[in-house]
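K.L.:
After the C-alpha coordinates below, expect a handful of questions from me.
The values are calculated or read from the model by the stated rules, or taken from the named source; none is laboratory data. If you're wondering where the values come from, they're calculated on a predicted model, not measured in any experiment. Note that each Cβ is placed from the backbone with ideal geometry, even for glycine, and that neighbours are counted across all protein chains shown.
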Amino acid sequence: MSETIEKVKCLIIGSGPAGYTAAIYAARANMKPVLYQGSQPGGQLTTTNEVENFPGYPEGITGPEMMIELQKQAERFETDVRDGWITKVDFSGDIHKVWVNDTKEIHCNTVIISTGASAKYLGLDSEQKYLKLGGGVSACAVCDGFFYRNQEVVIVGAGDSACEEAHYLSKLCKKVTMLVRRDEFRASKIMAARVKNTENIEILYNTETEEVLGDGQVVTGVRVFNNQTNEKHDIPATGFFVAIGHKPNTDIFKDYLNLDETGYIINKPGTAKTNVEGVFVSGDAADHVYRQAVTAAGTGCMAALDAERYLAAKDATFEVSTSTYN
Ligand SMILES: Cc1cc2nc3c(=O)[nH]c(=O)nc-3n(C[C@H](O)[C@H](O)[C@H](O)COP(=O)(O)OP(=O)(O)OC[C@H]3O[C@@H](n4cnc5c(N)ncnc54)[C@H](O)[C@@H]3O)c2cc1C
(Lines give C-alpha, C1' and ligand atoms only; values in the text may rest on other atoms or scores of the structure.)
Protein backbone atom coordinates (compact mmCIF):
# COMPACT_ATOMS: atom_id res chain seq x y z
CA MET A 1 0.00 0.00 0.00
CA SER A 2 1.44 3.37 -0.95
CA GLU A 3 2.05 5.89 1.83
CA THR A 4 -0.11 9.01 1.82
CA ILE A 5 1.67 11.87 0.11
CA GLU A 6 0.94 15.35 1.38
CA LYS A 7 0.81 18.38 -0.91
CA VAL A 8 2.17 21.64 0.45
CA LYS A 9 2.27 25.05 -1.13
CA CYS A 10 5.25 26.33 0.82
CA LEU A 11 7.54 24.11 2.86
CA ILE A 12 10.08 25.75 5.15
CA ILE A 13 13.01 23.72 6.42
CA GLY A 14 14.47 25.04 9.68
CA SER A 15 13.31 26.98 12.72
CA GLY A 16 15.97 29.65 13.24
CA PRO A 17 15.36 33.37 12.65
CA ALA A 18 15.42 32.78 8.87
CA GLY A 19 12.81 30.00 8.90
CA TYR A 20 10.40 31.73 11.29
CA THR A 21 10.65 35.05 9.45
CA ALA A 22 9.99 33.30 6.14
CA ALA A 23 7.00 31.64 7.83
CA ILE A 24 5.57 34.95 9.09
CA TYR A 25 5.71 36.46 5.59
CA ALA A 26 4.53 33.32 3.79
CA ALA A 27 1.62 32.83 6.21
CA ARG A 28 0.48 36.44 5.88
CA ALA A 29 0.58 36.00 2.08
CA ASN A 30 -1.81 33.06 2.49
CA MET A 31 0.75 30.47 1.38
CA LYS A 32 -0.18 28.15 4.26
CA PRO A 33 3.42 27.37 5.16
CA VAL A 34 4.44 24.15 6.82
CA LEU A 35 7.68 24.48 8.79
CA TYR A 36 9.86 21.61 9.98
CA GLN A 37 11.93 22.50 13.03
CA GLY A 38 14.67 19.89 12.76
CA SER A 39 16.74 18.68 15.68
CA GLN A 40 17.40 22.16 17.04
CA PRO A 41 14.04 23.92 17.44
CA GLY A 42 14.81 27.64 17.47
CA GLY A 43 18.21 27.19 15.83
CA GLN A 44 21.62 28.42 16.94
CA LEU A 45 20.34 31.24 19.13
CA THR A 46 18.96 28.70 21.60
CA THR A 47 22.59 28.07 22.57
CA THR A 48 23.26 31.62 23.72
CA ASN A 49 22.24 33.56 26.82
CA GLU A 50 22.10 37.18 25.85
CA VAL A 51 21.13 38.66 22.48
CA GLU A 52 21.68 42.40 22.60
CA ASN A 53 21.90 43.30 18.92
CA PHE A 54 18.54 42.19 17.52
CA PRO A 55 16.48 45.35 16.93
CA GLY A 56 13.38 45.72 19.07
CA TYR A 57 14.78 44.43 22.36
CA PRO A 58 16.28 47.50 24.07
CA GLU A 59 17.05 45.54 27.23
CA GLY A 60 18.32 42.47 25.33
CA ILE A 61 16.71 39.06 25.49
CA THR A 62 17.93 35.50 25.91
CA GLY A 63 18.27 33.49 22.70
CA PRO A 64 15.72 30.81 23.73
CA GLU A 65 13.14 33.44 24.72
CA MET A 66 13.57 35.32 21.48
CA MET A 67 13.08 32.16 19.44
CA ILE A 68 9.90 31.26 21.37
CA GLU A 69 8.54 34.70 20.48
CA LEU A 70 9.40 34.23 16.80
CA GLN A 71 7.68 30.84 16.82
CA LYS A 72 4.56 32.33 18.44
CA GLN A 73 4.49 35.10 15.83
CA ALA A 74 4.72 32.54 13.01
CA GLU A 75 1.96 30.43 14.61
CA ARG A 76 -0.26 33.46 15.12
CA PHE A 77 -0.67 33.56 11.33
CA GLU A 78 -1.26 29.80 11.23
CA THR A 79 2.08 28.49 10.20
CA ASP A 80 1.95 24.74 10.68
CA VAL A 81 5.07 24.21 12.83
CA ARG A 82 6.10 20.56 13.02
CA ASP A 83 8.68 18.40 14.66
CA GLY A 84 10.75 16.47 12.10
CA TRP A 85 14.00 16.22 10.19
CA ILE A 86 14.19 16.44 6.41
CA THR A 87 16.33 13.51 5.34
CA LYS A 88 16.07 13.56 1.55
CA VAL A 89 14.93 15.81 -1.28
CA ASP A 90 14.32 15.42 -4.99
CA PHE A 91 14.35 18.73 -6.85
CA SER A 92 14.55 17.21 -10.33
CA GLY A 93 10.96 17.97 -11.39
CA ASP A 94 8.43 20.80 -11.28
CA ILE A 95 7.08 19.48 -8.01
CA HIS A 96 9.72 19.40 -5.32
CA LYS A 97 9.75 16.23 -3.26
CA VAL A 98 10.85 16.17 0.33
CA TRP A 99 11.02 13.29 2.83
CA VAL A 100 10.58 13.72 6.57
CA ASN A 101 12.40 11.27 8.84
CA ASP A 102 12.96 9.00 5.80
CA THR A 103 9.28 8.04 5.70
CA LYS A 104 6.74 10.77 5.10
CA GLU A 105 6.80 12.16 1.55
CA ILE A 106 5.69 15.73 0.81
CA HIS A 107 5.21 17.34 -2.60
CA CYS A 108 5.85 21.07 -2.53
CA ASN A 109 5.26 23.93 -4.91
CA THR A 110 7.95 25.93 -3.18
CA VAL A 111 10.64 25.08 -0.68
CA ILE A 112 12.45 27.59 1.52
CA ILE A 113 15.71 26.25 2.92
CA SER A 114 16.67 27.79 6.27
CA THR A 115 18.85 25.03 7.64
CA GLY A 116 21.59 27.30 8.98
CA ALA A 117 25.18 26.39 9.67
CA SER A 118 26.97 24.91 12.64
CA ALA A 119 30.05 26.49 14.15
CA LYS A 120 32.99 24.11 14.44
CA TYR A 121 34.52 23.68 17.86
CA LEU A 122 37.74 22.00 18.99
CA GLY A 123 35.79 19.28 20.78
CA LEU A 124 37.64 19.49 24.11
CA ASP A 125 35.54 18.50 27.14
CA SER A 126 36.45 21.71 28.96
CA GLU A 127 35.48 23.83 25.91
CA GLN A 128 32.10 22.09 25.63
CA LYS A 129 31.50 22.40 29.38
CA TYR A 130 31.88 26.21 29.42
CA LEU A 131 30.07 26.52 26.09
CA LYS A 132 27.04 24.75 27.55
CA LEU A 133 27.24 26.78 30.76
CA GLY A 134 27.34 30.01 28.74
CA GLY A 135 30.43 30.74 30.77
CA GLY A 136 32.86 32.30 28.32
CA VAL A 137 33.21 30.08 25.23
CA SER A 138 31.91 31.52 21.97
CA ALA A 139 32.14 30.98 18.22
CA CYS A 140 30.99 34.48 17.35
CA ALA A 141 33.05 37.58 18.17
CA VAL A 142 30.53 39.98 16.67
CA CYS A 143 27.78 38.43 18.82
CA ASP A 144 29.64 38.09 22.10
CA GLY A 145 32.73 40.32 21.97
CA PHE A 146 30.86 43.16 23.66
CA PHE A 147 30.54 41.10 26.85
CA TYR A 148 34.36 41.05 27.16
CA ARG A 149 35.05 44.79 26.96
CA ASN A 150 38.37 45.72 28.61
CA GLN A 151 39.06 42.06 29.39
CA GLU A 152 41.63 39.57 28.12
CA VAL A 153 40.51 36.91 25.65
CA VAL A 154 42.00 34.07 23.61
CA ILE A 155 40.98 33.26 20.04
CA VAL A 156 41.81 30.11 18.09
CA GLY A 157 42.09 30.10 14.29
CA ALA A 158 44.28 31.15 11.42
CA GLY A 159 41.97 31.88 8.49
CA ASP A 160 40.45 35.10 7.19
CA SER A 161 37.45 34.86 9.52
CA ALA A 162 39.68 34.28 12.54
CA CYS A 163 41.73 37.38 11.63
CA GLU A 164 38.56 39.40 11.12
CA GLU A 165 37.22 38.28 14.50
CA ALA A 166 40.54 38.85 16.32
CA HIS A 167 40.70 42.35 14.91
CA TYR A 168 37.09 43.00 15.93
CA LEU A 169 37.88 41.81 19.48
CA SER A 170 41.03 43.94 19.65
CA LYS A 171 38.88 47.06 19.50
CA LEU A 172 36.88 45.97 22.55
CA CYS A 173 39.25 43.94 24.67
CA LYS A 174 42.35 44.86 26.61
CA LYS A 175 44.33 42.01 25.08
CA VAL A 176 43.68 39.31 22.48
CA THR A 177 45.91 36.24 22.33
CA MET A 178 45.61 34.43 19.02
CA LEU A 179 46.54 30.74 18.84
CA VAL A 180 47.76 29.62 15.41
CA ARG A 181 48.37 25.90 15.02
CA ARG A 182 51.00 26.12 12.29
CA ASP A 183 53.96 28.46 11.90
CA GLU A 184 51.98 30.71 9.59
CA PHE A 185 48.46 31.98 8.92
CA ARG A 186 46.09 30.38 6.43
CA ALA A 187 44.53 33.81 5.95
CA SER A 188 45.29 36.13 3.05
CA LYS A 189 48.40 38.27 3.48
CA ILE A 190 46.38 41.42 3.97
CA MET A 191 44.22 39.96 6.73
CA ALA A 192 47.23 38.43 8.49
CA ALA A 193 49.08 41.75 8.26
CA ARG A 194 46.17 43.56 9.85
CA VAL A 195 46.33 41.25 12.86
CA LYS A 196 50.13 41.33 13.06
CA ASN A 197 50.08 45.11 13.08
CA THR A 198 47.55 45.43 15.89
CA GLU A 199 49.27 46.31 19.11
CA ASN A 200 47.02 44.46 21.57
CA ILE A 201 46.95 41.18 19.61
CA GLU A 202 49.64 38.68 20.57
CA ILE A 203 50.08 35.81 18.13
CA LEU A 204 51.37 32.45 19.36
CA TYR A 205 52.39 30.20 16.46
CA ASN A 206 52.63 26.40 16.65
CA THR A 207 50.34 26.67 19.62
CA GLU A 208 47.29 24.58 20.46
CA THR A 209 44.73 24.49 23.26
CA GLU A 210 45.07 21.76 25.83
CA GLU A 211 42.32 22.85 28.17
CA VAL A 212 39.94 25.71 28.80
CA LEU A 213 40.39 26.60 32.46
CA GLY A 214 37.62 27.81 34.71
CA ASP A 215 36.16 27.99 38.18
CA GLY A 216 33.28 25.64 37.40
CA GLN A 217 31.05 28.49 36.21
CA VAL A 218 33.11 30.77 33.99
CA VAL A 219 36.33 30.70 32.01
CA THR A 220 39.42 31.97 33.83
CA GLY A 221 42.16 31.02 31.38
CA VAL A 222 43.45 28.68 28.69
CA ARG A 223 46.21 26.07 28.99
CA VAL A 224 48.15 25.91 25.73
CA PHE A 225 51.06 23.85 24.42
CA ASN A 226 53.65 24.46 21.76
CA ASN A 227 53.31 21.57 19.29
CA GLN A 228 57.04 21.75 18.43
CA THR A 229 58.53 21.85 21.93
CA ASN A 230 55.58 20.47 23.93
CA GLU A 231 56.03 23.31 26.41
CA LYS A 232 52.87 24.28 28.24
CA HIS A 233 51.70 27.47 29.84
CA ASP A 234 48.47 29.09 31.07
CA ILE A 235 47.06 32.30 29.63
CA PRO A 236 44.67 34.25 31.86
CA ALA A 237 41.46 35.03 29.95
CA THR A 238 37.75 35.48 30.59
CA GLY A 239 36.70 34.63 27.03
CA PHE A 240 37.66 31.80 24.68
CA PHE A 241 36.68 32.38 21.05
CA VAL A 242 36.78 29.58 18.51
CA ALA A 243 37.11 30.74 14.90
CA ILE A 244 37.92 27.58 12.99
CA GLY A 245 35.01 27.70 10.56
CA HIS A 246 31.39 26.75 10.11
CA LYS A 247 29.68 23.84 8.40
CA PRO A 248 26.51 24.74 6.54
CA ASN A 249 23.72 22.17 6.99
CA THR A 250 23.26 21.56 3.28
CA ASP A 251 24.46 18.01 2.58
CA ILE A 252 21.02 16.76 1.53
CA PHE A 253 20.78 19.41 -1.21
CA LYS A 254 24.14 18.85 -2.88
CA ASP A 255 22.83 16.74 -5.78
CA TYR A 256 20.46 19.50 -6.90
CA LEU A 257 21.70 22.91 -5.75
CA ASN A 258 24.84 24.85 -6.57
CA LEU A 259 27.02 24.98 -3.46
CA ASP A 260 30.35 26.73 -2.94
CA GLU A 261 33.45 24.76 -1.93
CA THR A 262 32.50 24.90 1.78
CA GLY A 263 28.92 23.81 1.15
CA TYR A 264 27.09 27.16 1.34
CA ILE A 265 24.15 27.35 -1.07
CA ILE A 266 24.78 29.84 -3.86
CA ASN A 267 21.88 32.23 -4.28
CA LYS A 268 21.27 34.49 -7.25
CA PRO A 269 22.73 37.87 -6.18
CA GLY A 270 20.23 40.17 -4.51
CA THR A 271 17.58 37.43 -4.28
CA ALA A 272 16.82 34.27 -2.30
CA LYS A 273 16.61 32.20 -5.51
CA THR A 274 18.73 29.11 -6.00
CA ASN A 275 19.56 27.46 -9.32
CA VAL A 276 16.32 25.41 -9.03
CA GLU A 277 13.07 27.24 -9.73
CA GLY A 278 10.77 27.24 -6.74
CA VAL A 279 13.56 26.49 -4.27
CA PHE A 280 14.76 29.42 -2.18
CA VAL A 281 17.40 29.84 0.49
CA SER A 282 17.68 32.10 3.51
CA GLY A 283 19.91 32.61 6.52
CA ASP A 284 23.27 31.12 7.37
CA ALA A 285 22.84 28.22 4.91
CA ALA A 286 23.84 30.74 2.23
CA ASP A 287 25.75 33.31 4.26
CA HIS A 288 29.38 32.86 5.18
CA VAL A 289 29.93 36.58 5.61
CA TYR A 290 27.46 38.17 8.06
CA ARG A 291 26.03 35.18 9.98
CA GLN A 292 23.73 37.23 12.22
CA ALA A 293 20.16 36.71 13.39
CA VAL A 294 19.00 39.95 11.82
CA THR A 295 20.51 39.15 8.42
CA ALA A 296 19.03 35.64 8.62
CA ALA A 297 15.62 37.17 9.35
CA GLY A 298 16.05 39.64 6.47
CA THR A 299 16.81 36.92 3.97
CA GLY A 300 13.91 34.86 5.39
CA CYS A 301 11.65 37.72 4.38
CA MET A 302 13.25 37.81 0.92
CA ALA A 303 12.77 34.07 0.46
CA ALA A 304 9.05 34.24 1.30
CA LEU A 305 8.50 37.21 -1.02
CA ASP A 306 10.43 35.52 -3.83
CA ALA A 307 8.40 32.33 -3.28
CA GLU A 308 5.13 34.24 -3.32
CA ARG A 309 6.06 35.99 -6.59
CA TYR A 310 7.18 32.70 -8.10
CA LEU A 311 3.82 31.13 -7.29
CA ALA A 312 1.91 34.12 -8.62
CA ALA A 313 3.85 33.98 -11.91
CA LYS A 314 3.42 30.25 -12.17
CA ASP A 315 -0.30 30.66 -11.67
CA ALA A 316 -0.74 27.42 -9.78
CA THR A 317 -0.17 24.66 -12.32
CA PHE A 318 -0.46 22.35 -9.37
CA GLU A 319 -3.31 22.15 -6.91
CA VAL A 320 -2.06 24.28 -4.10
CA SER A 321 -4.20 23.57 -1.08
CA THR A 322 -2.58 21.62 1.74
CA SER A 323 -4.41 18.43 0.80
CA THR A 324 -3.23 14.85 0.45
CA TYR A 325 -3.48 12.10 -2.15
CA ASN A 326 -2.57 8.42 -2.27
C1 LIG B 1 26.65 30.89 20.51
C2 LIG B 1 26.07 31.79 19.45
C3 LIG B 1 25.70 33.07 19.78
C4 LIG B 1 25.15 33.91 18.82
N5 LIG B 1 24.76 35.15 19.19
C6 LIG B 1 24.21 35.98 18.27
C7 LIG B 1 23.79 37.28 18.64
O8 LIG B 1 23.92 37.70 19.79
N9 LIG B 1 23.24 38.04 17.67
C10 LIG B 1 23.10 37.62 16.38
O11 LIG B 1 22.57 38.36 15.55
N12 LIG B 1 23.50 36.39 16.01
C13 LIG B 1 24.06 35.56 16.92
N14 LIG B 1 24.49 34.33 16.54
C15 LIG B 1 24.36 33.93 15.13
C16 LIG B 1 22.91 33.51 14.85
O17 LIG B 1 22.53 32.55 15.81
C18 LIG B 1 22.78 32.94 13.46
O19 LIG B 1 23.27 33.86 12.51
C20 LIG B 1 21.32 32.63 13.14
O21 LIG B 1 20.77 31.77 14.11
C22 LIG B 1 21.17 31.98 11.76
O23 LIG B 1 19.83 31.71 11.59
P24 LIG B 1 19.29 30.62 10.55
O25 LIG B 1 17.82 30.70 10.65
O26 LIG B 1 19.93 30.81 9.25
O27 LIG B 1 19.81 29.23 11.06
P28 LIG B 1 19.94 28.49 12.50
O29 LIG B 1 19.67 29.40 13.64
O30 LIG B 1 21.25 27.82 12.41
O31 LIG B 1 18.77 27.43 12.41
C32 LIG B 1 18.84 26.35 11.55
C33 LIG B 1 17.59 25.51 11.73
O34 LIG B 1 17.53 24.53 10.70
C35 LIG B 1 17.13 23.28 11.28
N36 LIG B 1 17.62 22.24 10.36
C37 LIG B 1 18.88 22.03 9.90
N38 LIG B 1 18.88 20.97 9.06
C39 LIG B 1 17.61 20.51 9.00
C40 LIG B 1 16.96 19.43 8.32
N41 LIG B 1 17.64 18.60 7.51
N42 LIG B 1 15.62 19.25 8.50
C43 LIG B 1 14.91 20.10 9.31
N44 LIG B 1 15.47 21.13 9.96
C45 LIG B 1 16.80 21.33 9.82
C46 LIG B 1 17.73 23.29 12.67
O47 LIG B 1 17.05 22.37 13.52
C48 LIG B 1 17.51 24.76 13.06
O49 LIG B 1 16.22 24.90 13.57
C50 LIG B 1 25.01 33.46 17.48
C51 LIG B 1 25.40 32.16 17.13
C52 LIG B 1 25.93 31.34 18.10
C53 LIG B 1 26.32 29.92 17.74
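K.L.:
Suppose the filter is farther than 18 Å from GLY84 by Cα and either more than 15 Å from the chain's Cα centre (by Cα) or in the same structural domain as ASP284 (by the TED database) (or both); does ILE61 pass it? Reasoning before the result, please.
P.N.:
On the way: farther than 18 Å from GLY84 by Cα: yes; either more than 15 Å from the chain's Cα centre (by Cα) or in the same structural domain as ASP284 (by the TED database) (or both): yes.
Yes; evaluated as a whole, the condition is true for this residue.
K.L.:
Another one. Just to check your reading of the model, which residue among VAL98, VAL51 is over 27 Å from ASN275 (Cα atoms), in the same structural domain as ALA285 (by the TED database) and touching a Cys at 6+ places or on another chain (Cβ under 9 Å)?
P.N.:
Details: VAL98 fails: over 27 Å from ASN275 (Cα atoms).
Result of the check over VAL98, VAL51: VAL51.
K.L.:
Identify the residue in region 50-106 that is in a strand (DSSP E or B) and more than 13 Å from the ligand (Cβ to nearest atom) and, among all such residues, is farthest from VAL294 (Cα to Cα).
P.N.:
Step one: of region 50-106, the residues in a strand (DSSP E or B) are 50-51, 61-62, 80-82, 86-90, 96-100, 104-106.
Retained after the next criterion (residues that are more than 13 Å from the ligand (Cβ to nearest atom)): 80, 90, 96-97, 105.
Working: ASP80: 23, ASP90: 30, HIS96: 28, LYS97: 30, GLU105: 32 Å.
Among those residues, the one meeting the criterion is GLU105.
To keep it simple, each residue is scored yes or no on (1) surrounded by fewer than 20 Cβ atoms within 10 Å (Cβ to Cβ); (2) in contact with a strand residue (DSSP E or B) (Cβ under 8 Å, 6 or more places away or on another chain); (3) closer than 23 Å to ALA119 by Cβ.
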{"residue": "PHE185", "(1), (2), (3)": "no, no, yes"}
{"residue": "GLU210", "(1), (2), (3)": "yes, yes, yes"}
{"residue": "VAL218", "(1), (2), (3)": "yes, no, yes"}
{"residue": "PHE225", "(1), (2), (3)": "yes, yes, no"}
{"residue": "GLY239", "(1), (2), (3)": "no, yes, yes"}
{"residue": "ALA243", "(1), (2), (3)": "no, yes, yes"}
{"residue": "TYR264", "(1), (2), (3)": "no, yes, yes"}
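K.L.:
Now for a different question. Conditions first: (1) in the same structural domain as THR238 (by the TED database); (2) in contact with a helix residue (DSSP H, G or I) (Cβ under 7 Å, 6 or more places away or on another chain); (3) more than 9 Å from the ligand (Cβ to nearest atom). PHE147 passes all but one, so which condition is the exception?
P.N.:
(2)
Residue-by-condition table, conditions (1) part of a helix (DSSP H, G or I); (2) β-branched (Val, Ile, Thr); (3) within 30 Å of GLY278 (Cβ to Cβ):
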position	(1), (2), (3)
CYS108	no, no, yes
CYS143	yes, no, no
PHE146	yes, no, no
GLU165	yes, no, no
LEU169	yes, no, no
LEU172	no, no, no
THR177	no, yes, no
ARG181	no, no, no
